[in-house]
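The values are calculated or read from the model by the stated rules, or taken from the named source; none is laboratory data. Since the structure is predicted, the reported quantities are computational estimates derived from the model, not experimental observations. A quick note on method: Cβ atoms are made from the backbone with ideal geometry, for glycine too, and the neighbour counts reach across all protein chains shown. Surface accessibility is based on the protein's heavy atoms, side chains included, excluding ligands, DNA and RNA. Shrake-Rupley method; radii C 1.70, N 1.55, O 1.52, S 1.80 Å.
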Amino acid sequence: MGRMKGLARAGLVVAAAYIATVSWKIVAQAKEKEIDEVDYILVLGAKVNEKGPSLALQERIKTAASLALKHKEATIVCSGGQGSDEPIAEAEAIRNGLIAEGIAAGRLVVEGCSTSTRENVAFSKRQLKDPSARGVIVTNSFHLYRASSLAQDYGLDVVGMPASTPREIRSIAWIREYAAIAYYYLQKSLPCLRKTSES
């Protein structure tokens, strides 16, 4: 019984240390940054509802539109496939949202096949004329650490730009992200866990 309690305490200590470390990394990555001239803006998809982009995706679109208006020569890559419960691909929703914000359609590239953050990055890289070019990756603040880490894993030269995380989803988003980052670390340790299509 005492051994079980000791293991439980040790587990709690490890979990607390993990959460504290990951929280620090998420917060540090999510700070606003000065963006110099860039060649492309990569906008990661999020849930699309029947009535349109989710709150999280709306924030990503707004942030990307603001960047696109400042960096008028940059190509914008809209990334995200269509889930079984989504009316259109997330990339198409991003494209439509950016056009509604005044961004010219000719600047937009659609990557509409990805089903995960890893695939967002891997498949979007294929859309770039020069994968070594300087880019900005746009996603919600809670998601930016993992997204930026994956971009670096795939050799992309990017800086992260955080979109706001809507208050309505903040708690559940952070809880899910702790689990997603743990799996990301596991994938780095065990590459066999990655799908071949993502490589």
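Under the rule of -39500 (n - 2.57) per DSSP H run of 4 or more residues, summed and divided by the residues of the chain, what mean residue ellipticity at 222 nm is obtained, to the nearest 500 deg cm²/dmol?
-16000 deg cm²/dmol
Name the residue, out of ILE19, ILE172, ILE137, whose mean-square fluctuation peaks in a Gaussian network model built on the chain with Cα pairs under 10 Å.
Comparing ILE19, ILE172, ILE137 in the GNM, the peak value goes to ILE172.
With loop defined by DSSP as not H, G, I, E or B, and exposure as at most 14 other Cβ atoms within 10 Å, which is the longest segment of the chain clear of exposed GluC sites (Glu not before Pro)?
102-199
Please list the radius of gyration and Dmax for the stretch 84-199, considering alpha-carbon atoms only, with Å as the unit.
Computed over the Cα atoms of the stretch 84-199, radius of gyration and Dmax are 14.9, 44 Å.
For the chain, compute Rg over Rh where Rg is the Cα radius of gyration and Rh is the Kirkwood radius from the inverse mean 1/r over Cα pairs.
Computed over Cα atoms, the ratio is 1.02.
State which entries of LYS25/LYS62; LYS47/LYS125; LYS72/LYS188 exceed 26 angstrom in Cα-Cα distance in the structure shown.
Cα-Cα > 26 Å for LYS72/LYS188; rest within.
Which value, to two decimals, describes the C-alpha radius of gyration of the stretch 82-141 once divided by 2.2 N^0.38 Å?
Its radius of gyration relative to the 2.2 N^0.38 Å reference: 1.18.
How large is the charge dipole for the chain, taken about the Cα centre, if only the Cβ atoms of Lys, Arg (+1) and Asp, Glu (-1) carry charge, to the nearest 20 debye?
840 debye
Taking the Cα centre as origin and putting +1 on Lys and Arg beta-carbons and -1 on Asp and Glu beta-carbons, what dipole magnitude results for the stretch 96-147, to the nearest 20 debye?
So the magnitude is around 180 debye.
In whole Å, what is the distance between the alpha-carbon centres of the stretch 63-108 and the stretch 113-174?
14 Å
Could you tell me how many cubic angstrom of Cα convex hull volume the stretch 131-189 has per residue?
Given the Cα convex hull of the stretch 131-189, per-residue volume reads 59 Å³.
Kindly report, to the nearest 10 Å², the accessible surface of ASP36 as traced by a 1.4 Å probe over protein heavy atoms only.
Counting only protein heavy atoms, ASP36 exposes about 120 Å² to solvent.
Can you find, among TYR154, GLY81, GLN187, the residue sitting farthest towards the positive end of the charge dipole of the chain, where Lys and Arg contribute +1 and Asp and Glu -1 at Cβ?
Of the listed residues, the answer is GLN187.
Kindly provide log₁₀ I(q)/I(0) values, in the same order as q = 0.16 Å⁻¹, from the Debye equation applied to equal alpha-carbon scatterers of the stretch 40-127.
Taken in order of the listed q values, log10 I(q)/I(0) reads -0.52.
Can you pull a Stokes-Einstein diffusion coefficient for the stretch 1-49 at 10 °C (1.306 mPa s), Rh from Kirkwood over Cα pairs, as a whole number of µm²/s?
105 µm²/s
Please state the charge dipole magnitude for the stretch 50-146, taken about the Cα centre, from unit charges on C-beta atoms (+1 on K and R, -1 on D and E), reported in debye and rounded to the nearest 20.
For the stretch 50-146, the charge dipole is close to 460 debye.
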